[in-house]
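Each value in this text was obtained by applying a stated rule to the coordinates, not by laboratory testing. Note that this is a predicted model, so its numbers are computed, not measured. Neighbour counts are summed over all protein chains in view; Cβ atoms, including those assigned to glycine, are modelled from backbone coordinates with ideal geometry.
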């Protein structure tokens, strides 16, 4: 009778406490789960890096656009307003030669300041981006804890 109650408690695979998996099966399951986890982590890292790279490229485009806008603005504003400011400076008492160089200088300084602000914004945004996939790093730390708990 003692032998039959022992067999009933052994379970279907002959393991105590009704466990039906052998140690080899448990190790295989752990290996399979760990491999799946690694594949998922790699996919997460790729996605996260792609998102960060897209933000960096977008902010770089802002910096380039700012530089182009500043350059084009410099050309058109100086061409269009040089004459008007030159006339105003000439009427204010400057010689014609003085007004010819002073008016583009004034406009050029204003446009250059606007361009510098746009460029600074783009560069600051790019500098603040990190390519480290923080979500993936955190997930890997959690996975390490999970694997350590599974192997105890």
Requested in this report: Report, to the nearest 10°, how far helix 23-91 tilts away from the longest principal axis of the Cα atoms in the chain, using its own Cα long axis and a range of 0 to 90°.
Outcome: 10 degrees
Query raised in the report: Averaged over all directions, how much area does the convex hull of the C-alpha atoms of the chain cover when projected, in nm²?
Result: 13.5 nm²
Requested in this report: Please sort 71-78, 129-136 by packing, taking for each peptide the average over its residues of neighbouring beta carbons within 10 angstrom, highest first.
Outcome: 71-78, 129-136
Requested in this report: Please work out the FRET efficiency for the pair residue 106 and residue 61, using the Cβ-Cβ distance as r and a Förster radius of 41 Å; give the result to the nearest 0.05.
Outcome: 0.85
